[in-house]
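The values are calculated or read from the model by the stated rules, or taken from the named source; none is laboratory data. Everything numeric here is computed off the predicted structure, so don't read it as measured data. Note that we place each Cβ from the backbone using ideal geometry, even for glycine, and neighbour counts take in every protein chain shown.
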Ligand code: AMP
């Protein structure tokens, strides 16, 4: 595995590499990331992984500071998993140029995380635009765990680049909790609570089949879950999985949740 620390080395290494698969990450790798890497390895000739904790997508400074970082462990995981290139840029490599036109999320798209984390997706789109223009991959592998991010990035990139975004299913623990780097910030007892919340949501989604006013029902359930698990829920909504419009039936729909356990923010969709 070639480690690339700056854009000069990256340009030299990637010169004439055809059919390149790209897996963007913020590190603290887990089996969710590995599933993206495996898919890239199976569909592309070479795979490049990036590890970059992007400061501009954090709406809270402290969240950026506290975000788990584990480069040594990441390196050893990547070495074992047939990755051709690892790109670990410094902020200065990515933010060499100032953007002339600010990236803006349309008002109609300010839903779910875009509503609760102002500036977050603007930062995600900005960094993805920069990474793709530097790496020029054929395919980009992203997880459905962050479905809103996947849809926004796909729509943004497809207007500008030939690279195709490939969506990858969510990898979960045996207890159904979606794997996430942020899980490492949770205490053992909170992992158990988070798994119980997901189990609850699986049953809740099944119950939606017989509900006529789903929005109203979910608002009531939201309060119940907050009290039951002593958590703060930002949103609990059933939305169409392709266009993210509010849905009142289960067809092509997913239940989206964002919640805080002991100040750690987790998201999921099922
Ligand atoms: P992150 O390092 O959290 O920014 O995630 C990097 C990529 O991995 C994103 O495309 C995520 O959607 C994806 N990802 C994160 N967790 C999972 C998971 N549990 N299953 C599948 N993909 C995931």
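Numbers for the structure displayed
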read-out	value
Some residue of segment 150-158 being more than 10 Å from the ligand (Cβ to nearest atom), in contact with a strand residue (DSSP E or B) (Cβ under 8 Å, 6 or more places away or on another chain) and either more than 29 Å from residue 197 (Cβ to Cβ) or modelled with pLDDT under 95 (or both)	yes
Which numbered condition residue 146 fails, given (1) away from the ligand (no atom under 13 Å from the Cβ); (2) surrounded by 13 or more Cβ atoms within 10 Å (Cβ to Cβ)	(1)
Candidates 250, 266, filtered to the one that is touching a strand residue (DSSP E or B) at 6+ places or on another chain (Cβ under 9 Å), at pLDDT 95 or above, surrounded by 15 or more Cβ atoms within 10 Å (Cβ to Cβ) and not in a strand (DSSP E or B)	250
Condition met for residue 145 (in contact with a strand residue (DSSP E or B) (Cβ under 8 Å, 6 or more places away or on another chain), within 23 Å of residue 51 (Cα to Cα) and outside any strand (DSSP E or B))	yes
Inter-residue pairs, beta-carbon under 8 Å, first over 28 Å from residue 262 (Cβ atoms) and in segment 207-236, second assigned to a strand (DSSP E or B), 6+ apart	208/238; 208/255; 214/238; 215/237; 215/238; 215/246
Hey, residue 223 farther than 28 Å from residue 107 by Cα and surrounded by fewer than 18 Cβ atoms within 10 Å (Cβ to Cβ) or not	no
Wholly enclosed strands (runs of 3 or more DSSP E) of segment 1-111 bearing at least 2 residues without any contact (Cβ under 8 Å) to a residue 40 or more places away in the chain, within 21 Å of residue 130 (Cα to Cα) and within 14 Å of the ligand (Cβ to nearest atom)	46-51
Residue in segment 198-215 that is part of a loop (DSSP other than H, G, I, E, B) and within 16 Å of the ligand (Cβ to nearest atom) present	no
Selection count where residues are touching a residue at least 60 places away in the same chain (Cβ under 8 Å) and either more than 22 Å from the chain's Cα centre (by Cα) or part of a helix (DSSP H, G or I) (or both), scope segment 180-195	8
Residue in segment 224-242 that is within 16 Å of the ligand (Cβ to nearest atom), more than 28 Å from residue 41 (Cβ to Cβ) and outside any helix (DSSP H, G or I) present	no
Hits in segment 113-140 (condition: over 22 Å from residue 6 (Cα atoms) and within 14 Å of the ligand (Cβ to nearest atom))	113, 117, 120, 121
Residues that are closer than 22 Å to residue 154 by Cβ and surrounded by fewer than 19 Cβ atoms within 10 Å (Cβ to Cβ), drawn from segment 1-25	19
Odd one out for residue 211 among (1) surrounded by 15 or more Cβ atoms within 10 Å (Cβ to Cβ); (2) in contact with a strand residue (DSSP E or B) (Cβ under 9 Å, 6 or more places away or on another chain)	(2)
